[in-house]
Amino acid sequence: MKQNTLCRKICSAGIAAVFLLGQVFPVASVFALSIPSTSSVIGDVLSTFHVDQSSVQNVGESFNVASTKAYSPEVSLSFSPSDPKEGQKVTAKAFPLYFSNPTNQLYFTWFLKRKGGSNNPEDWKTEAMRMLANDGADVNRFLPGADDDDGYKAPYGGGDKTSVDNSWCYIKDPSNGTFYELGPLSSSPAIFTCGTDGYQASCLSAVQNIAADNSSTAAYQIDGPPNCSDNGTPSCTGTQLTRCVNPSVASGTFGLSDTVQRRVAPYTDPSTGNPVFNYVYDPAVENNMTCQGNATPPADKCSHLFPDADGYTTGDGRFTAGEERFWGTNPADPDTAKNGNKDEANVVGLGRDTFTWNYQQGDQIGLVVEGTSMLSTKHDDSSMMIMWAFSGDGCRVVHTGSYTASIKGYAVTIPTTSMGRNDFNKCLKDNLVDPLGAGQTNSKNIELDVSATPDNPTNDKTGEKSGDTVTATASITNSSKADSEVTYEWKVELSDIAGMNNPTDITGSLKSAGLLSVSKGNGLNSISIPLNMGDSILGAFASSNPVYMRITSTATENFNSQGDRTGHSDVIIKVSNSDKKIRSYAATANDSGTAVSLGHEICSDYVTNPQTAQDAMTNLDRISCRVMKNEIIGLKIDNTANDLKDFSWQIDGKSLACDTSISPDCTDGSKAFFAVTGEAGTTINVKLDAVNTSTGKAVTLTRMFNIVNPDIVIESVDKTLLWPRYLGQYVGLNGATNDDYSENFFEKASSAGIHMKARFVPSFAGNISTRQWQVNGHVEPEWAVMEINNTSTSGGNTGDVANISVSAVLAQPASTRLALQNIWGIDATKTAEVTVSKSVQVTNIAFPTAADSGVKKFYAALSGYVPPALTFAIRMILSGGLLLFTVGFVFSLIPNAPADDETRRR
Amino acid sequence: MNILPLLSRWKKSLLTGLFAVATLAIYAFFPADARLNVTIQSVLLGVAFFVALPIFFVRLVLREPLSALGFQGSIRRYGPVAVLLAVVPILSIWYVLFHVFPVAASYRLPAVIRTSFPFFLFYEVVLVGAISFLYEVFFRGFVLILWLRNAGLWAVFFQTGLFASFLAVSGRGITWQDVPLLFASLASGFVAHYTRSVSYSWASAWLILFLSDVLILVIR
């Protein structure tokens, strides 16, 4: 019982003590007193300076591989022409990069592989460099000569370098980015020695740690590390250890089953005599040991890749007669190629960055450029890496090794390769470039661009053919052919949404309707489509407004016999397909010139079957309305059904406002007015945006106006009596033959008078004109409006000429000029009258009658071929002869007076 | 009344006159070809109608020698004197007219002969000489010497009137430009009447025309 009580007291005291300690030394304080770790300290430091650890890691990771990312020398080729024909001269131009030498001091070793030619890369180099050195000179005309001092000694790394012992040549393995120094491989096995005979230096892998067992059946005797010659330190890769192993002595046995590939032997520490580790000995990796420290650098580090003449060395400074013969250079001319280089310098390709040859089918060209890179070596000198740039895939490095050199007191391992000339030659086939291949064009496709004008065309489906004409033009940016040798094929599609979902191909329909003449042809880089598409062409989109037209062009050029190059592109045009049109009117102004209103409609005439150029121009007015400067034009869109709302007029991209202060007609926005203020030749584009009240879709309509200088044309009223002179025929753009008539010279029947009329361009200019006619200089009053009917000229002789002229003064009414000044701010002095005039000649000709047919017509036609001088002479002789004959005949009829007879007899 | 003897007696004069008038009529109304140069046509017609036709008429119809047309020397051997006697008064009259009437303003000479002496020589010697020769052969030789051989001094005035009529018809009026031609016609008519030679009449006509031009050029 006492024990329990005592125990209870002790426990209570303990708990109280712990509680008190807990109050004085809280748990957190106890932990804060612990020693901080290195990582936590670094983390705190980075956090203090707001450095993200992952960023530091990223930099470190990049730093680790930075040496493999260095920019090594490169070279690219371009060819001109890019599509050479058989036998044509082709020039390859080299663009070397990342060399420290100027281009004219680099060695350009070109090689040319002919189809069906030699497979020896040395021959490829020889053929190309012979062309460069010889430059097409006629070898047979060379005269034998003494040494012409055309040798050139090529230092390693470029013509501006000096051959010294510390020239280090490198090649970069494109697969791993490692730079390998050229030279013999490291001679590691030869410089390791073990203290006991029968032992050899080996690298051992500590892959197992097992207890020693002297009963093992295949254990090898292992001793300590081997010695390394030149006071170096032997080294193995990774965690392997350098040890001396006696592979011929197997002492004892080992109870494990893997005794075939892995021979395990105990290693006895010499200091304690106790086995400490067990290693795996693999004879296959024993040569991986290297000697670090004062290793001797390899000799014969660099070489050139120049082609050599048989028995000679190119670039050695001696260009002998034998080499002259081999390379086809002139023995008496140190610069056969006449480019400023000695012959041997041309053979080594000094500065020869262009190569021209006659292309043959299947030719492939390649290039190796030798020079000094911008990369420094690790050697303790001023050397930079001497490297080669290849025109193709580069060169895969083989026969690699390394050696360790003591540089600045540190053991530096330098990877090496023992690649020789043959190894490099094997690379050359991977660096051949086909002049016709994708290598120089970068793309098999034609880069095509299609554009179309105008931006917002309008389709006319009413049959009046007043729709805009869309012109689509395709242009190629990388064509190697003339445009006439490129075949273009066009396709036109329609859709009711801009995304062109489920479009309808209307190319055939357009051609059938005569709206598209041809859709495919050589040089057909542009098409024009009059947007006069009726419901038959529009099909399902007949009631859609707007419709979207996609015009696609596919261009194909016959690149060579190996295939075609193609390209395609398209453009989508928003086409207004409303049967509504912007109508134009000649505006009239009130007397005070403060407001305008719609007058008579203009540019609305339509000739169903145009026969003359004037008819065609009249119809064209519906598309591009001809107007004069200082006219006021009214615009109107039919909205009697109130199917449009929210009108927005624009003229040449600027808002065209119209309110009741300008015109009482400007109430609902369906009308607008503008003053023609530009100069002749200027085009005015009017655009109307509105919203269809039933569909809610936007409706866009356009109208074009063309400012022209006013003009008068004099025409015959009755072309059966007075007609324009026939000039001949011309072939129109559609291939049709048309008659051509003069506008200045007319002909009439001699008996007919002169009944002619004036026609104004634009036609409504006549409404503001005051005209004066003259016939042969005499003022002639108008017989009717715009017409004269002069009868005094009838009955004249054939060949008589009458001069007809009309002079017109075009003056805007005073109210219009006031309106131009009040509303549009055009000063009245700038709206003065304009005078235009026109003169024609009318010649009397023999009017053919019914009698002029048959035989007479034949004689008339025949006389047309007789020279006029001959017909004149015949008429003159016949007249004189007839007179002479008649008088002589009469004279002979009348008897002589007797006196006369007597006189004659006497 | 039997007209045949009368015709027989006067047939040469009648038919020669008929031939002369017909020739002039045909010449005046001969249709020109618009495709040929008018001057060349005029010269060719002149050669054919004023020279060739009269010669053919004399030789083929009348069967007379060319001397009947005046192709001969002066019969009285004072041809040069006659020329001087004809030219000097005419030029004097022309000179007076020049100062009385605005002749200079109406009389036109080709601009090129005013500026180039070689062209002046060519114009006066070749063109004026040739044209005056045509007129001399027809009006003085054929009309005056052959046709009006028996008309006496009246023949001079008649042929001048005929010539003036011809100018008026063919040239559509007579201007100051034609006055030297009329003067030359009258003067050379006198020379032809007295010498019966076309050569002297041609010389007098050419001299009058040439000196008239010179006078114009000098006075201007």
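Residue-wise HN-Hα couplings along segment A:496-508, as the Karplus relation 6.51 cos²θ - 1.76 cosθ + 1.60 with θ = phi - 60° gives them from phi, are 9, 10, 5, x, 6, 6, 6, x, 10, 6, 10, 4, x Hz; Gly and Pro carry x. The distance between label points at A:ARG396 and B:SER165 comes to 12.4 nm (points 7 Å beyond Cα on the Cα→Cβ vector).
For segment A:684-746, compute the orientation-averaged projected area of the C-alpha convex hull (one quarter of its surface), in nm². Numbers along the way, then the final one.
Details: hull surface 35.8 nm².
Spelled out: convex hull of the Cα atoms, projected over all directions, averaged, 8.9 nm².
Computed from backbone phi, the HN-Hα couplings of segment A:714-719 come to 9, 10, 7, 7, 10, 6 Hz, rounded to whole numbers (Karplus: 6.51 cos²θ - 1.76 cosθ + 1.60, θ = phi - 60°; Gly and Pro given as x).
Shielding of peptide A:885-892 by partners, expressed as the average count of other chain Cβ atoms within 10 Å per residue Cβ, is 6. For A:LYS511, a cut-off of 14 angstrom between C-alpha atoms picks up these aspartates and glutamates, skipping any fewer than 8 places away in its own chain: A:GLU489, A:GLU493.
For A:ALA869 and A:THR504, calculate 0.36 nm times their separation in residues minus their Cα-Cα distance, and state this gained length in nm to one decimal.
Result for the pair: 124.5 nm of gain on full extension.
For A:VAL59, neighbours were defined as the other residues whose beta-carbon sits under 15 Å from its Cβ, and their charges (Lys and Arg +1, Asp and Glu -1) total -1. Each of A:ARG243, A:ARG725 has some number of other Cβ atoms within 10 Å of its Cβ, and from fewest to most they run A:ARG725, A:ARG243. The calculated FRET efficiency for the pair A:ASP827 and A:GLU601, based on their C-beta separation and a Förster distance of 25 Å, comes to about 0.30. Mean partner shielding of peptide B:4-11, defined as the number of other chain Cβ atoms within 10 Å of each residue Cβ, is 4.
Within the shell defined by Cβ-Cβ distances under 15 Å, the residues around A:HIS755 carry a net charge of -2, with Lys and Arg each +1 and Asp and Glu each -1. With neighbour counts taken as other beta-carbon atoms within 10 Å, the residues A:LYS429, A:LYS408, A:LYS85 rank, fewest first, as A:LYS408, A:LYS85, A:LYS429. Close amide-amide hydrogen proximity is noted between A:LEU375 and A:MET385, each under 5 Å apart and 5 or more residues distant or on a separate chain (H modeled in the peptide plane; Pro and chain starts excluded).
Can you list the lysines whose alpha carbon is less than 17 Å from that of A:LYS378, not counting same-chain residues fewer than 8 positions off? List returned: A:LYS69, A:LYS172, A:LYS301, A:LYS408.
Proximity of backbone amide H atoms, modeled 1.01 Å from N, is registered between A:SER466 and no other residue at under 5 Å, excluding neighbours fewer than 5 places apart on the same chain.
Taking only the Cα atoms of segment A:545-658, the ratio Rg/Rh comes out at 1.17, with Rh defined as the Kirkwood radius. For segment B:67-219, the calculated P(r), taken from all Cα-Cα distances in 5 Å bins from zero up to the bin holding the longest distance, is 2, 10, 19, 21, 21, 15, 8, 4, 1, 0 percent.
Backbone geometry of segment B:202-214 corresponds, through the Karplus equation with coefficients 6.51, -1.76 and 1.60 at θ = phi - 60°, to 3J(HN,Hα) couplings of 5, 4, 5, 4, 5, 4, 4, 5, 5, 6, 5, 4, 4 Hz, x marking Gly and Pro.
Give, as a single signed number, the net charge of other residues whose beta carbon lies under 12 Å from the beta carbon of A:PRO96, with Lys and Arg counted +1 and Asp and Glu -1.
With Lys, Arg at +1 and Asp, Glu at -1, the net is -1.
For the peptide A:873-882, the mean number of other protein chain Cβ atoms found within 10 angstrom of a residue's Cβ is 4. Each residue in A:PHE746, A:PHE889 was given a count of other beta-carbon atoms within 10 angstrom of its own, and listing them fewest first yields A:PHE889, A:PHE746.
Per residue, the average separation of C-alpha pairs within less than 8 Å and at least 6 apart gives segment A:711-845 a relative contact order of 28 percent. Under 15 Å of direct C-alpha separation, and excluding same-chain neighbours fewer than eight residues apart, A:LYS153 reaches these aspartates and glutamates: A:ASP308, A:ASP316, A:GLU323, A:ASP343, A:GLU344, A:GLU370. Determine the alpha carbon to alpha carbon distance for each of A:LYS93/A:LYS481; A:LYS461/A:LYS671; A:LYS491/A:LYS581; A:LYS491/A:LYS671; A:LYS125/A:LYS338; A:LYS461/A:LYS654 and list only those over 32 Å. The pairs that break the limit, which is 32 Å between Cα atoms, are A:LYS491/A:LYS671.
The numbers here are math on the coordinates, done by the rules we state, and not lab data. Since the model is a prediction, treat every value here as computed from it, not as a measurement. Note: ideal-geometry Cβ built from the backbone for every residue, glycine included; neighbour counts use all protein chains shown.
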